[in-house]
Amino acid sequence: MMLPSPRRRARAVFTVFAALAMVAIAPSTTPARAAPPDSLVMGMVLEPPHLDPTAGAAGAIDEVVYANVFEGLTRIGPDGSVLPALAESWEVSEDGLVYTFHLQRSVTFHDGSAFTADDASFSLQRISDEDSVNAQKGLYEVIENVVTLDGYTLIVELKRPDGRFLFNLGWGDAVMVAPETADDNKTNPVGTGPFRFVRWVQGDRVELEAYPDYWGTKPALQRATFRFIPDPAASMAALMAGDSDAFANMPAPESLEAFKADDRFAVVIGSTEGETILALNHRRPPLDDVRVRRAISHAIDRRAIIDGAMFGYGTPIGSHFAPHHPAYVDLTGMYPHDPEKAKALLEEAGIAPGELSFTLHLPPPSYARRGGEIVAAQLAAVGIKTEIIPVEWAQWLEQVFRGHDFDMTIVSHTEPLDIDIYARDDYYFGYDNPDFDAVIEALEQTTDAETRADLYRKAQTILAEDAVNGFLFQLAKHGVWDARLRGLWENSPIQANDLTGASWSE
Amino acid sequence: MALLEVSGLGVDVAGLTLLDGISLRLDRGGSLGVVGESGCGKSLTALSIMGLLPPGLRPRGSVRLDGADLLDADDHALCAVRGRRVAMVFQEPMTALNPVKTIGAQVAEGPRRHLGLSRRAAREHARAVLHRVGLDPSRVSPDQYPHELSGGQCQRVVIAIAVACGPALLIADEPTTALDVSTQARILDLILDLVADEGMALLMISHDMAVIAETVTDMAVMYAGHVVEAGTCRRVLGDPRHPYTRGLMDAMPRGSGRPGEPLAAIPGTVPPPGAWPAGCAFRDRCPRADAACAIRPPLVADADGHAVACHRPFGAGERS
Amino acid sequence: MVETPTPTAQTMGGRRLAATAWAGGAVAALVLLTALVSLVWTPHDPAAMDVANKLSDPTGAHPLGTDHFGRDVLSRLMVGARVSIAVSLVAVGLGAGIGVPLGLLASARHGWIDEAVMRFNDLAFAFPALLTAVLITAVLGPGAVNAILAIGIFNIPVFARVARGAALSLWTRPFIQAARLAGRGRTRISVEHILPNIAGALIVQGTIQFALAILAEAGLSYLGLGSQPPEVSWGRMLNEAQTFLFLDPRLAILPGLAIVVTVLGLNLLGDGLRDRLDPRLDTRRADGGR
Amino acid sequence: MAWFIAKRAVALALTLVAASLVVFGVLEVLPGDPALLILGVNAREDTLAALRESMGLDQPAHWRYLAWIGGLLTGQLADSLTYDVPVTELLVPRIAVSLPLALMALTLTVALALPLGVLAAARRGRAADGAIMGASQLGIAVPNFWLGILLILLFAVTLRWLPSGGFPGWEAGVGPALAALIMPAVALALPQAAILARVTRSSVLEVLGEDYMRTARAKGLSQGEALWHHGLRNALIPVVTIMGLQFSFLLAGTIIIENVFNLPGIGRLIFQAIGQRDIVVVRDLVVLLAAMVGVVNVLVDLSYAVLDPRLRRGHLRGAHG
């Protein structure tokens, strides 16, 4: 503050500036704080609104409690496969309509009460009920009836065959809860998992501790803390300072280079189920014209988007399907980046250069906001003007998703195997193709793995040929954690931070 | 040795002379009046003696109190003199008092500092002094604030602050100008009373000849930063020599004259510093001025000590 | 003592402008000039991406380096000046355009109109300004135009207050009284006589509000509620630089310096103008602060 | 005095009612459906309707307004739409961050501004004055969030003296908690201190020219003593006015500063709640902030009466007539 003369003031300002400029090359000298070997602090971007996975769509809920506090009858493994959980085994009837689950014995909830078929029956009925407020009610509405045969046998009857029923039961939305505690799970979750809830400092963190009476393999960690750090710069600082041990998914891909160069950290790039797309509103001409949509696909340079918005992390996709899935078909070559071709297609559709002008609604994540800027620039290069409209999620849901009041938007569809959304009636991008609907119809009726894979391939190809949306890239999972940590998931088949197998190496 | 001896006092600001060649002398227990129109430098003279000139104004010459030159003294020494040896009563009683402190506290401050009294003793002392200046504690509490008092009462508080430590010299700068006529006389009486009781010397500053005539034995008439006439009141008032003094006296009977208003008997107003004419500063307004007045007249005293600075003074007993 | 005449429009030319005010004015003019130049010329296309060349350090081609999309930082700073200035200028203009007539009306009519205007002012001051701006942009959606509205609304009471205060003292002046006796209406007097005479005070306040508006625009854009891409403003650049704080602090430091220098220049100019035009305004500045 | 407080309390209540109406109205037109946000993209229409009903969103607006005000008056705040806990429970830990932060910032502001402002006035026109006023011009021009960024770069990244953000909680000890708040407090305080120092300077300068300062000097008080015993209290009156205004800026400033420093305080809560369309939290917080601003304004008025006895009598007179 005390700066005696203008000249000296200028010099002082310059000194500060120079000091700050050195920040970039300042070596990181402080070692990460040595964490006790039985606890873990996991950083997360978003704080869950509450902790009941059966009563909300927020991924952050599952990221804290899934597999840690709550378990379902089945669970999804690190590779996306369906594994037994509270149901140690099951049989499916010939017609695919009756499922018989044999439950684990000696399972207790964290309040000490035993887990029985009655609890399971309650849990399933609760989410498929008339007045259920489950976010994925549509998945469980297929349940016709639930009966308990004895204390540890549960019979579930379906209205129609559902090839993904066991997978869907593995979602956080179908975890097992006790009737006595279900209503309080939002603030005081009581489940059957290896960790029990300790406390939640709203705006800051959730603390868990190992549950001593856990029925399965006991976790190596005694304590687990989830810290919520919304700001990318702050999350980087928290890792560097050792305030957090791990970020299962680092929000700022630009920071990964720095962590890679630092051998205190392990940088693990994995896959997610997030297909990031430039969604086009087919209700709005000329977006109903496949030539225009193809032109847009040719105008897009996926590589530049991945490099610019995600600093190179992400896999280009040519349809709405995850590249790590066995049934994936690489269709990225169908519309190579070719501005001239794009212009030609537009001309063919009778559109003069500069005539087209679209709105582009962008929700908050950086893949959308930054990706949107690049997409806008690429579209401008072929003569399509865009008006960027940044929106909060609440507004995106109401205006874009439900109100269909948009031309284009960028969003990542993070649910696994969600190609069926293209068959839904009146879905937000308004795609309607009976051929595609038939494929999905067949998929739902089929349980045979190979046939299903074929149908998936067919579906992908139809979407790509129709250039339904601009298919951009599969979101990568940017895991950064202390190099001594073991057992964290590399990929993210569902949004979860399963800490069951996590441990510290010596 | 005189109590106060001012010689060759001048005040300059930014190359401008505001006051020049002021010489005054006041003996222990004596009284001296300084009279002149507003803007002639009376107050500046008083502030120079107190060492309280506004920032930027530089005094020269000498101001000796008990033989020690106050203009040379550092601020620490001056603080020991102010309020203790020399005290001052100001023109505007309402603004001279701090609005957010009780009158008792304001009076007690000086004694606590100069007389080394305890907080409690100082408060008692203040109470007594306030009583002495006519503020009966049963009617005006020392715990009251200035805004709860009338103008006259406030001036009594200001006087109490001045006399609280028994100074040897009391400077009263237009002490009654801001008051209504009936109060004026009572305040003057109080001052004279205190001066007589405590054996203080009094330097009375006023634009009002009547006030001077009533309160002091010696006087000096100032005009445009200079003393133009000085002597005993009897001689100066009885036989004014300087045309300006005569003008002032002619204006006197009107009584109500406020500072700043042009004198009825003299055309024009006091020129501001920097606009003083060369030579005699009064010559532009003087009916008797001639070519000789282009040279500044020296202050020359006669055998009785009646001094006048004029090339064309009125003769003894001459009527205008 | 020399009596200082009360400063009014008539005596404005009297005092000299301080050297610091000249310096401030020069800085403000330079920024304005840069903004104008950016309309016709920038070293590079500020929107042109070169992802391969992202986060480049200063080079000959890019004197201030490139950002995370490989865009030229100098060009973006120049264009950013334009948007920051335009948003602030329009916002202040909006505030003055509504606030001054309100203030004049209040001073001319007294009574319930005056009361209503002043109560509106009180209500506006009861909310923290930034909070209301955040709410406004949440309702209307983020963007430069809505940022203008949010900032402009808070300038209305400030200008109303200054205009009313300055005008009230004028209504008692003889030349106004004379105009009234000559049968002029209050509205006409307000426009013909009052307005020119309070222009000095308004210009001073306008300069200060302009500086505050630049800060406010930067704050809103930093929160992601102001200018949106492809528009560039300094606050927007700070917002984008946030995630690169550790990788490339240059991106955060440069736009901030641009803001500081501009606001400093405007404030110095404002202070100088105030000293020259109306020394009594001294304590009002923080009053209008946000 | 009691009458004065009562009168101000009524005025404050009226302002708050007006504020609550404005906020409620604004939130009514806020685009975005909280139920849809909670249930996400796969939610069905009937599920959404069930949730809206359970959140009370299906009631008519005037009914919801009255229910809200009734809740405020009885201290029964509604449940947050996203966190599903009573707003009171959310607020307490947030206030435990924001209030200390605002108070620290205010303390810093005053501790810096008053001495520097007085010093500048006492040394008017000299080097110290020039330096302080120059620095304050610079301080006013610096956006507080940018200052926060610079502080992070300097003290957290380069020097590694302080945490870059986040809040460990008071249970982690006073030391770590204060360490987390000091940079945000400085970032908030410096620009405000720059403003306040200028106000203090001009206020002291005005007081220095007062007659009673000369009276004090004539008593034998040194320049410093006269300023301390007689000048400051008089000079404080305009300073307190600005301080009152600044408290509201500091409160609002937490919105942006808590985002920069990732602090779980009121500012970030309100920003987040707006994004999540948690209108229950937003409206309660806005009224809370308006109430705090209002209370501070009353305190400022009361402090005038403490500082200046003339106003005390004015209020008493108001009481009797």
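The values are calculated or read from the model by the stated rules, or taken from the named source; none is laboratory data. Keep in mind that this is a model prediction, so the values were computed, not measured. Cβ coordinates were reconstructed from backbone atoms using ideal geometry, including for glycine residues, and neighbour counts include every protein chain displayed.
Checked against (1) within 30 Å of residue B:297 (Cβ to Cβ); (2) touching a Pro at 6+ places or on another chain (Cβ under 8 Å), residue B:179 passes all but condition (1). Within the option set A:225, A:192, being within 14 Å of another protein chain (Cβ to nearest Cβ) and within 28 Å of residue A:123 (Cα to Cα) holds for one residue only, A:225. Is it fair to say residue D:235 is away from chain A (no Cβ under 14 Å) and at pLDDT 85 or above? So residue D:235 passes the test.
If you go through the stretch B:69-86 and keep only what is farther than 16 Å from residue B:167 by Cα, more than 9 Å from chain D (Cβ to nearest Cβ) and in contact with a helix residue (DSSP H, G or I) (Cβ under 9 Å, 6 or more places away or on another chain), you end up with B:71, B:73.
For the stretch A:282-313, a residue qualifies if it is assigned to a helix (DSSP H, G or I) and among the small types (Gly, Ala, Ser), and the qualifying residues are A:295, A:297, A:299, A:304, A:308, A:309.
Residue-level analysis places residue D:114 among those that are within 30 Å of residue C:272 (Cα to Cα) and more than 10 Å from every other protein chain (Cβ to nearest Cβ). Scanning for something of a type in the set (A, V, I, L, M), under 30 Å from residue A:440 (Cα atoms) and over 24 Å from the mean Cα position of the chain (by Cα), does the stretch A:304-324 turn up at least one residue? The answer is no, given that none of the residues of the stretch A:304-324 is of a type in the set (A, V, I, L, M), under 30 Å from residue A:440 (Cα atoms) and over 24 Å from the mean Cα position of the chain (by Cα).
State the number of residues belonging to the stretch B:87-100 that are more than 8 Å from chain D (Cβ to nearest Cβ), hydrophobic (A, V, I, L, M, F, W, C) and under 13 Å from residue B:147 (Cβ atoms). Counting residues in the stretch B:87-100 that are more than 8 Å from chain D (Cβ to nearest Cβ), hydrophobic (A, V, I, L, M, F, W, C) and under 13 Å from residue B:147 (Cβ atoms) gives 1. For the stretch C:26-46, the criterion of being out of contact with any Leu (no Cβ under 6 Å at 6 or more places or on another chain) and within 12 Å of chain A (Cβ to nearest Cβ) is met by at least one residue. The residues of the stretch C:29-76 that are assigned to a helix (DSSP H, G or I), more than 26 Å from residue A:366 (Cα to Cα) and hydrophobic (A, V, I, L, M, F, W, C), listed by number, are C:29, C:30, C:31, C:32, C:33, C:35, C:36, C:37, C:39, C:40. Does the stretch B:101-123 contain at least one residue that is away from chain D (no Cβ under 14 Å), of a type outside the set (Gly, Ala, Ser) and more than 30 Å from residue B:2 (Cβ to Cβ)? Among the residues of the stretch B:101-123, at least one is away from chain D (no Cβ under 14 Å), of a type outside the set (Gly, Ala, Ser) and more than 30 Å from residue B:2 (Cβ to Cβ), which makes the answer yes.
Of the residues C:252, C:218, C:241, which single one is of a type outside the set (Lys, Arg), part of a helix (DSSP H, G or I) and more than 7 Å from every other protein chain (Cβ to nearest Cβ)?
Every option except C:241 fails the conditions.
Given the condition modelled with pLDDT of 90 or more, among the small types (Gly, Ala, Ser), assigned by TED's automatic domain parsing to the domain that holds residue B:176 and in contact with a Ser or Thr (Cβ under 6 Å, 6 or more places away or on another chain), answer yes or no: does some residue in the stretch B:113-122 qualify? No, there is no match, as no residue in the stretch B:113-122 is modelled with pLDDT of 90 or more, among the small types (Gly, Ala, Ser), assigned by TED's automatic domain parsing to the domain that holds residue B:176 and in contact with a Ser or Thr (Cβ under 6 Å, 6 or more places away or on another chain). Of the residues examined, residue A:459 is not one that is out of contact with any Gly (no Cβ under 9 Å at 6 or more places or on another chain), crowded, with 21+ Cβ neighbours inside 10 Å and at positive phi.
Restricting to the stretch D:153-182, and then to whatever is more than 7 Å from chain A (Cβ to nearest Cβ), not in a helix (DSSP H, G or I) and not aromatic (Phe, Trp, Tyr), can you tell me which residue is nearest to residue D:268 (Cα to Cα)? Lay out the reasoning, then the answer.
Taking the stretch D:153-182 and keeping what is more than 7 Å from chain A (Cβ to nearest Cβ), we get D:155, D:159, D:161-162, D:168, D:170-182.
Next cut, not in a helix (DSSP H, G or I) only: D:159, D:161-162, D:168, D:173.
Subsequent filtering for residues that are not aromatic (Phe, Trp, Tyr) retains D:159, D:162, D:168, D:173.
Working: D:159: 27, D:162: 21, D:168: 16, D:173: 22 Å.
This residue is D:168.
Scan the stretch C:118-137 residue by residue and report those that are without any contact (Cβ under 8 Å) to a residue 60 or more places away in the chain, out of contact with any Lys or Arg (no Cβ under 7 Å at 6 or more places or on another chain) and part of a helix (DSSP H, G or I). Break it down stepwise before answering.
Taking the stretch C:118-137 and keeping what is without any contact (Cβ under 8 Å) to a residue 60 or more places away in the chain, we get C:118-128, C:131-132, C:135-136.
In the following step, the residues that additionally are out of contact with any Lys or Arg (no Cβ under 7 Å at 6 or more places or on another chain) were identified as C:118-120, C:122-128, C:131-132, C:135-136.
C:118, C:119, C:120, C:122, C:123, C:124, C:125, C:126, C:131, C:132, C:135, C:136 - these are the residues of the stretch C:118-137 that are without any contact (Cβ under 8 Å) to a residue 60 or more places away in the chain, out of contact with any Lys or Arg (no Cβ under 7 Å at 6 or more places or on another chain) and part of a helix (DSSP H, G or I).
When we screen A:213, A:245 for residues that are of a type in the set (Asp, Glu), buried (at least 23 other Cβ atoms within 10 Å of the Cβ), modelled with pLDDT of 90 or more and not assigned by TED's automatic domain parsing to the domain that holds residue A:89, the only hit is A:245. Scanning the stretch B:45-54 for residues that are more than 8 Å from chain D (Cβ to nearest Cβ) and modelled with pLDDT under 90 yields B:51, B:53, B:54. Could you say which residue among A:468, A:439 is at negative phi, crowded, with 21+ Cβ neighbours inside 10 Å, part of a helix (DSSP H, G or I) and of a type in the set (A, V, I, L, M)? Result of the check over A:468, A:439: A:439. Number of residues in the stretch C:97-148 that are touching a Ser or Thr at 6+ places or on another chain (Cβ under 9 Å), at pLDDT 80 or above and within 13 Å of another protein chain (Cβ to nearest Cβ): the value is 5. State which residue is surrounded by the most Cβ atoms within 10 Å (Cβ to Cβ) when the search covers only the stretch A:365-420 and only residues that are more than 14 Å from chain D (Cβ to nearest Cβ), in a loop (DSSP other than H, G, I, E, B) and β-branched (Val, Ile, Thr). Once the filter is applied, the top-ranked residue is A:384. Please verify whether the stretch D:72-92 includes one or more residues that are facing another protein chain (nearest Cβ under 9 Å), within 22 Å of the chain's Cα centre (by Cα) and part of a helix (DSSP H, G or I). Checking the stretch D:72-92: at least one residue is facing another protein chain (nearest Cβ under 9 Å), within 22 Å of the chain's Cα centre (by Cα) and part of a helix (DSSP H, G or I). Might you let me know whether the stretch B:169-192 holds any residue that is touching an Asp or Glu at 6+ places or on another chain (Cβ under 8 Å), in a helix (DSSP H, G or I) and within 14 Å of another protein chain (Cβ to nearest Cβ)? Within the stretch B:169-192, none of the residues are touching an Asp or Glu at 6+ places or on another chain (Cβ under 8 Å), in a helix (DSSP H, G or I) and within 14 Å of another protein chain (Cβ to nearest Cβ).
Within the stretch A:421-436, count every residue that is assigned to a helix (DSSP H, G or I) and over 30 Å from residue A:79 (Cα atoms).
First, pick out the residues of the stretch A:421-436 that are assigned to a helix (DSSP H, G or I): A:421-423, A:434-436.
Subsequent filtering for residues that are over 30 Å from residue A:79 (Cα atoms) retains A:434-435.
Count: 2.
Strands (runs of 3 or more DSSP E) fully within the stretch B:1-93 that include at least 2 residues being acidic (Asp, Glu): B:4-13.
Which one of C:142, C:229, C:249 is touching a strand residue (DSSP E or B) at 6+ places or on another chain (Cβ under 7 Å) and free of Cβ contacts under 8 Å to residues at least 12 places away in the same chain?
Within the list C:142, C:229, C:249, the selection yields C:229.
Applying the selection to the stretch B:195-228, what residues are assigned to a helix (DSSP H, G or I) and hydrophobic (A, V, I, L, M, F, W, C)? If the condition is that a residue be assigned to a helix (DSSP H, G or I) and hydrophobic (A, V, I, L, M, F, W, C), then B:195, B:196, B:209, B:210, B:211, B:212, B:213 are the ones that fit.
Which is in contact (Cβ under 8 Å) with a residue 24 or more places away in the chain and either under 18 Å from residue A:281 (Cα atoms) or among the aromatic types (Phe, Trp, Tyr) (or both), of A:331, A:379?
Exactly one residue qualifies, and that residue is A:379.
Taken over the stretch D:23-50, residues that are assigned to a helix (DSSP H, G or I), surrounded by 17 or more Cβ atoms within 10 Å (Cβ to Cβ) and either facing chain A (nearest Cβ under 10 Å) or out of contact with any helix residue (DSSP H, G or I) (no Cβ under 7 Å at 6 or more places or on another chain) (or both) amount to 9.
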